[in-house]
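Below is one structure, written out as structure tokens; the observations come after it.
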Amino acid sequence: MTTEDDVPAPFTVKLSALRIRALDAPLTSVRASTARVVRRAQHVHIDSAALAALTRSLTTRQTQPLAWQELGWHYHADAETAGPLTCQYALVLDALNFCFWPTPGLEYEHLARGLRRALERDPTAFNAQALASVSPATVAGWVDCPSPPSPSHLSTSTPPTGPGPATGARGTSPPSSPASSPPSSFLPCLSERVRKVREVGHVLLQHFNGQAADLVRASGFSAVELVRLLSAFFPSFRDEALHQGEQVYFYKRAQILVADIWAAYGCRTDPPFPYAFRDMGELTMFADYRVPQILRGRGVLRYAPGLAERVDGREELPAGSEEEVEIRAATVQAVESMREVWRAGGKGEILSVELDWLLWQEGERYRDSLPPHHRTLSIFY
């Protein structure tokens, strides 16, 4: 764990306070708590034979995840010179990276590309002062919508429950022409998104000199410590739940932010490079929609008949329900098991993060032939 001696002086007091306010080992807690859920799960089970078969298929094809720059959506203009704007962009991106499914056709790529364009138009757009007082219209204007909304999808409070395209928190579908000035009500959970961005601005101003780069610097080159900082200082990154009365930890957006920063700056593991992390292997996968969808489609996740009927009928699962927590927990544990199978097959080391990326791309490649993903209205994914 990072100590005060490893961290620049301005952050010493903050990190001392964090020992009271945050878990000392957040990712150990993710693994342990999700394993407990899987052991007592009633609605979701893991098929070990199907898991091994899927892992072998990935190793046989020697698939490589696409790099941050290769996707064509992300801002990375100053990444090669270790500049701060790419890091600021990533924090704003993952503060908003949740719950796209209520609007048919809306994908992660529309957010990522829209934020990139906003920063290219105005390099001060994500200054902490601007974020702290951002307006709903500004947040809505950051999103490249695929087409103008139909009247039936203008509500931000009640998502549609009927059939629609299987979309997720991240996507690789072909880019489409953005609509100009989309109505703000087209973006799901707009008021929550505004609150999350303002939270980012206020926390950066109060604790990190207005800079996401200083937040990363405070982690002392530790991915685990950065997850801990995020969960301590940013309430919206505290992705936790209860299952049968016991606390369960996921930290999906905190972990994906660490991975995005790592990827944006070239996946470096060599401090003192400012955005290098020495312990990326500690991260788990990012429990959201698409990975459980591909795992179920490949027979790895088995849903009880009642849950399968609800998911296939595109019925919303309440956030924090047993079914939703079990889907997410089983997804984390399945990817951990896949990592072990990968190693046992003599293919070398692979990170849970990299398996997540591979499975995500697999899910996007076959999205039209997969069963529907589960639908939960949540700020965490």
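Side notes on the structure shown:
- Reduced Cα scattering model of the stretch 238-355, Debye log10 I(q)/I(0), q = 0.11, 0.19, 0.23 Å⁻¹: -0.45, -1.10, -1.34
- Where N is the number of residues in the stretch 277-341, Cα Rg divided by 2.2 N^0.38 Å: 1.23
- Accessible area of residue 133 in the full protein assembly, 1.4 Å probe (Å², nearest 10): 90
- Equivalent ellipsoid, the stretch 307-378 (semi-axes from 5 times Cα gyration tensor eigenvalues, Å): 27, 15, 10
- Cα-projected label distance for residue 24 with residue 312, points at 7 Å along beta-carbon direction, nm: 4.8
- Rounded to the nearest 20 debye, dipole of the stretch 39-126 from Cβ charges on Lys, Arg, Asp, Glu: 420
- For the pair residue 122 and residue 191, a Förster radius of 25 Å applied to the C-beta separation gives a FRET efficiency near 0.55, rounded to the nearest 0.05.
- Inter-probe distance in nm under a simple model that places probes 7 Å from Cα toward Cβ, at residue 129 and residue 205: 0.9
- Working ranking of peptides 136-144, 238-246 by packing, defined as the average number of other Cβ atoms within 10 Å per residue, highest first, is 136-144, 238-246.
- Globularity ratio of the stretch 188-311, using Cα Rg and 2.2 N^0.38 Å: 1.25
- The stretch 36-106 and the stretch 329-345 have Cα centres lying 16 Å from one another.
- Solvent-accessible area per residue for the stretch 202-331 (1.4 angstrom probe, square angstrom): 30
The values are calculated or read from the model by the stated rules, or taken from the named source; none is laboratory data. Computed from a predicted structure; not experimentally measured. Cβ sites come from the backbone with ideal geometry, for glycine too, and all protein chains shown count toward neighbours. Just so you know, the surface numbers come from the protein's heavy atoms only, side chains and all, with ligands and any DNA or RNA stripped out. Shrake-Rupley method; radii C 1.70, N 1.55, O 1.52, S 1.80 Å.
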